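See below for the structure under consideration.
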Amino acid sequence: MFKLKGKLLLLPLLAILLAAVFPFGAYAAQFEKGDYILETESIVEDDLYVAGDNVMVRGVVDGDLVIFGQNVTVDGTVTGDLYAFGNTVSIAGSIYGNVFAFGSNVSLKGTLGQNVYVGSMMVDIDANIGKDLNIASGTTKIAGSVGDDVRVTTGQLSSDASVAGDFLISSESFNIAEEKVTGELVVSTKESKVIDAPKFEFRKGDFLGFNLGLAMVGFVGMYIVGLLLIYAAPVKTLAIERKITTSWEDLLKSFAIGLVVLFAIPLPLFILVLTLVGAPLAFLITAILVFLVTFGTLWTETAVGHKVLTLAKQKDERRFLSLLVGRLITVIIKLIPFIGGLYSLTLSMVTVGAVVRMKYDAFQACKDVKKKK
């Protein structure tokens, strides 16, 4: 069952992420912010996006549900996919679609109809899962039933679940009810408690679910950083966006300037360091460039996401949803060999170029004001 090649496994994963980027294709969307409660008798007949500290969904969401918060609780019904990101995530309802749950503490109960993806420090699952279960965590406890395969990479694992498919484990410590696993039990560990585990040839594609889980954990962390950047510098966010998406000419200018800066500046910086007197300036410029390449690309992703939303005739004044869409696009493209690296490099160049152009315009504006005075 696990002898599929990585490239074949990549296709459904890309489809899932593409669905996440464009969930508004068939429905309108409802957006909520701050502490939010959807009461038991309430029904939302659209996709629902919520960002707040405390979010509780007890009613019915007839569409996809996307939540970002500190404490996330879903014990209602969701007919589409569920995306839950928070510190504490508790899901105990009926979810008809796929479930993506990421946080410090994740608890899953109830009925989860499709595939489940979890990334957390502590995972506690006692649910009926329709298809695959994929986990990347510190400690994991699994009960209930899984309709297909289980893939787990964790420090400690305890499982009493009934598994209809195969069980793939990457763990140093585990305790499993082996008799409840219908398919093959495959263990990657130094100290294995499975004596009669069958010989199995591992392939790179078998643990692609783990790579996806780790990518999503990184996605959540960078999304939070992006929210902070937008919240702290909304004017700068819009200024950088204008240098990227106003026209193709602006995009190419930003790319060209970023290309020149990133590839031409290392030598001058090295010379500054050698002079000793210019070393502090060289270190400052280097730190700024590292920041832009590492975190500044979030501004460019926001611009890309907003352009996509604009083409889809969706409004996003705060740019939070734009950042989400841009981040997901990056995650999708990074799954593609070579193209992913090229896209990341392009993001860095466009970001640096856009920031340089923005600062230059600000400097020119200051000069014009002084001349008028």
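Of the strands (runs of 3 or more DSSP E) entirely within segment 27-134, those holding at least 2 residues that are of a type in the set (D, E) occupy 47-57, 116-129. Please verify whether Q364 is over 27 Å from F219 (Cβ atoms), in the same structural domain as L238 (by TED's automatic domain parsing) and at pLDDT below 90, treating the condition exactly as stated. In short, yes. Just one of the numbered conditions (1) in a loop (DSSP other than H, G, I, E, B); (2) modelled with pLDDT of 90 or more is not true of E191: (2).
Can you tell me which residue among D53, D35, D75 is closer than 19 Å to V99 by Cα, in contact with a strand residue (DSSP E or B) (Cβ under 8 Å, 6 or more places away or on another chain) and not hydrophobic (A, V, I, L, M, F, W, C)?
Within the list D53, D35, D75, the selection yields D75.
The values are calculated or read from the model by the stated rules, or taken from the named source; none is laboratory data. Given the structure is predicted, the values throughout are model-derived calculations rather than measurements. Using ideal geometry, Cβ is built from the backbone for each residue, glycine included, and neighbour counts are taken over all protein chains shown.
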